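Data block below; observations after.
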Amino acid sequence: IWAATFNFSINLASIAHVYILNTLDMCFLVFFKLIQRTKISKLELAGLVLAIIMIFLIFIDGNNFKSFIYIGEITETSVFIGGWIALLGSFAAGVYVQTCCEITEDYPYWMGIFIISLLDSLFQLLISLVFEGSTFSMDQRNGLFGVFTGHWFLYHIFISLIVGIGSFCCLNVLSRTLVKFHYHFALSLEPIISSLMATYLFGLQSIPGELVWIAFGLYVLVMGLISIGKSDSETQEIDFDGYFESVSSFDLLMTW
């Protein structure tokens, strides 16, 4: 669901919007803690509040972005719809991390990546058949087997090597060698770098507006606060079982 929502929303909203809204699984994990009234650190809660402000800034961004690949001009309506679809992907990723991501520890890492990628591919084929009018043919534009034509095959092999080695392999190595805060900080730069690449390197879209640049800064701050707060939760935490009983709603709002 996470991958499908990313690929679908990228046709409706700007790369800058999608990359931020589709990578907020850590924020949803904090939100899950909040509604379950489990112990949560002050830094995590501060990160969640800033994330809500960041999402609001993205949705009120009035700039229209141009895409030279898919639909010409992206309207405010499509940006709104694409944003919610991207946010749904973050929710799905948060649910996965919250409930069952530990099952990948029961077998080799590469086996887990293979299973996830295989099921993801089958799910996206289904989405393409239902919503994009794809066919079981070798057509280069709409055929599910068009990837095997001479026009696309080498391109996809090249992209697969970049994604497979550059993303999955490197992320696996870095996650085990870097300090957790450094790892998450590096990942938080992904929306900024991808937007600049789309703008300057590939010329796909126009430069993001001022509100999106503010959102970029908040995104880095949010990821840092939640990452530090998660590892520091033993010394900075709120026990909601007793906290809500002793503090009124107005006091809670003024405190934060």
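Using a 10 Å cut-off on Cβ atoms, rank the peptides 17-27, 199-209 from the highest mean neighbour count down.
17-27, 199-209
Relative to a virtual label point 7 Å from the Cα of SER160 in the Cα→beta-carbon direction, which members of region 104-145 show backbone nitrogen distances below 12 Å?
Output list for this probe position: 118.
Before I look further, what does region 67-224 give for accessible area per residue, probe 1.4 Å, in whole square angstrom?
Accessible area per residue, region 67-224: 66 Å².
For region 198-208, just list the computed ³J(HN,Hα) in residue order, Karplus coefficients 6.51, -1.76 and 1.60, θ = phi - 60°, integers in Hz, with x standing in for Gly and Pro.
Values, residue by residue: 5, 7, 8, 7, 10, x, 7, 9, 7, 5, x Hz.
Near the amide H of SER206, under 5 Å away, which other amide H atoms are found, from residues 5 or more places off or on another chain, if H is placed in the peptide plane?
Amide H neighbours of SER206: LYS66.
So what's the projected area for region 132-205, the Cα convex hull averaged over all directions, in nm²?
Hull-based average projected area comes out at 6.9 nm².
Find how much the distance from VAL173 to PHE153 grows on full extension, using 0.36 nm per residue of separation minus their present alpha carbon separation; answer in nm with one decimal.
So the chain would gain 4.3 nm between VAL173 and PHE153.
Taking amide H atoms as placed 1.01 Å from N in the peptide plane, list the residues 5 or more away in sequence, or in a different chain, whose amide H sits under 5 Å from that of GLY143.
Amide H neighbours of GLY143: THR135.
Taking amide H positions as placed 1.01 Å from N in the peptide plane, with prolines and chain starts having none, which residues 5 or more places from ILE40, or on another chain, fall under 5 Å of its amide H?
ILE238, PHE240
Could you go through region 37-49 in sequence order and give the Karplus-derived ³J(HN,Hα) for each residue, using 6.51 cos²θ - 1.76 cosθ + 1.60 with θ = phi - 60°, rounded to whole Hz, and x for Gly and Pro?
Computed from phi, the couplings for region 37-49 are 6, 8, 5, 9, 7, 5, 5, 5, 5, 4, x, 5, 4 Hz.
With r defined as the distance between the Cβ atoms of HIS182 and ILE214 and R0 fixed at 22 Å, what FRET efficiency is calculated, to the nearest 0.05?
0.35
Note the direction-averaged projected area, equal to a quarter of the hull surface, for the Cα convex hull of region 69-207, in nm².
Reported value for the Cα convex hull: 10.9 nm².
Within region 78-183, what whole-number % of the accessible surface is contributed by carbon and sulfur, with the 1.4 Å probe and all protein chains included in the calculation?
Reported share for carbon and sulfur atoms: 74 percent.
The values are calculated or read from the model by the stated rules, or taken from the named source; none is laboratory data. Only a predicted model underlies this, so the values are computations on that prediction, with no experimental measurement involved. As a convention, Cβ positions derive from the backbone with ideal geometry for all residues, glycine included, and neighbour counts pool all protein chains shown. Note: accessible area is taken over every heavy atom of the protein model, side chains too, but ligands, DNA and RNA are not part of it. Shrake-Rupley method; radii C 1.70, N 1.55, O 1.52, S 1.80 Å.
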